[in-house]
1. Test each condition in (1) more than 13 Å from the chain's Cα centre (by Cα); (2) on the phi > 0 side of the Ramachandran plot; (3) crowded, with 20+ Cβ neighbours inside 10 Å for PRO38 and report the one that comes out false.
2. Answer with yes or no whether LEU102 is in a helix (DSSP H, G or I) and closer than 22 Å to TYR144 by Cβ.
3. Please determine, by comparing only the residues of region 105-156 that are in a strand (DSSP E or B) and among the hydroxyl-bearing types (Ser, Thr, Tyr), which one is surrounded by the most Cβ atoms within 10 Å (Cβ to Cβ).
4. Can GLU166 be described as over 30 Å from ASN34 (Cβ atoms), outside the structural domain of ALA75 (by TED's automatic domain parsing) and part of a strand (DSSP E or B)?
5. Take ASN29 and tell me if it is modelled with pLDDT of 95 or more, surrounded by fewer than 22 Cβ atoms within 10 Å (Cβ to Cβ), on the phi > 0 side of the Ramachandran plot and not in a strand (DSSP E or B).
Amino acid sequence: MICVIAGGGEARFPDTKDAFVIAADSGYNRCVENNIAPDLLVGDMDSIKGSVPDASDIPIVRAPCEKDDTDTMLAIKIGFERGYRDFVLTGVTGGKRLDHTLAAISSLEYIADHGGEGCIIDSSCKMFVQTEGTRRYEGRGAGYISVFSLTDSSRLAMRGLKYGGEDMTVTRDFPLGVSNNFREEYGEIQVYEGKILVIIEY
C-alpha cells in the first residue's frame, strides 16, 4: 500500500483506490478538484483556499507556521510513523517557486535515506532518488530520461538507454547525464556508489 501526498501545486494523481492519501495544506484543494477524499489533512493551513474542513469530516494534524518541517515533510514523517514505505508526491513542484521544487527533491532524498521508496509526479515528469542497487524504469511513452548525481560523484551502469555503459561516473558539478533516451521498453540503472536523481519526462 502506498502513501500519496498531495501538495498545492499542479497535481497528477496516481490510482488512489488502495492508497492512504495525505493532503498537505492546500493539497486539500487539489484533492477536492480531483474528486479524491484525503484520509488526513496536515499543515499550518496558511495556503488552503476556502475554509479549513471540519475535524469531524477529516482528521487534521495542525502545525505552527514557524516550524522546521515543510508541510510536505511533515506529511512524509507521519506516513513513516504509520508504517508506510512507498510514497508518491504530487502537486509539490512547478510554478514560480523553484525553492519548493528543490525542497521536494530534498524530501525524496529523505525518503530514500530512511529506507523508503518515493517518486514525484507532476504534469510533465516523474522524479526518483536512487541509492546503491539496481532499478528498472519504464520507457513506454516516455521522453527524455536524465540522471544527476546527488553526491559529489556517483558510479553506475546504465542499460537499455541510448547513452549507457557498465562503469560510468557522473558528478554533481557536470550534467553528463542530461537528456538521454530509452532504446528499449525499460531502462535499467545500477548504482555502485553514490546517490542519483532520475527524471523521466512524459
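1. In the conditions (1) more than 13 Å from the chain's Cα centre (by Cα); (2) on the phi > 0 side of the Ramachandran plot; (3) crowded, with 20+ Cβ neighbours inside 10 Å, PRO38 misses (2) alone.
2. So LEU102 fits the description; yes.
3. Ranking the qualifying residues of region 105-156, first place goes to SER154.
4. yes
5. Here the answer is no, as ASN29 does not meet what is asked.
The values are calculated or read from the model by the stated rules, or taken from the named source; none is laboratory data. Just so you know, these numbers come straight off a predicted model, no measurement behind them. Counting neighbours? That spans all protein chains shown, and the Cβs are built from the backbone with ideal geometry, glycine included.
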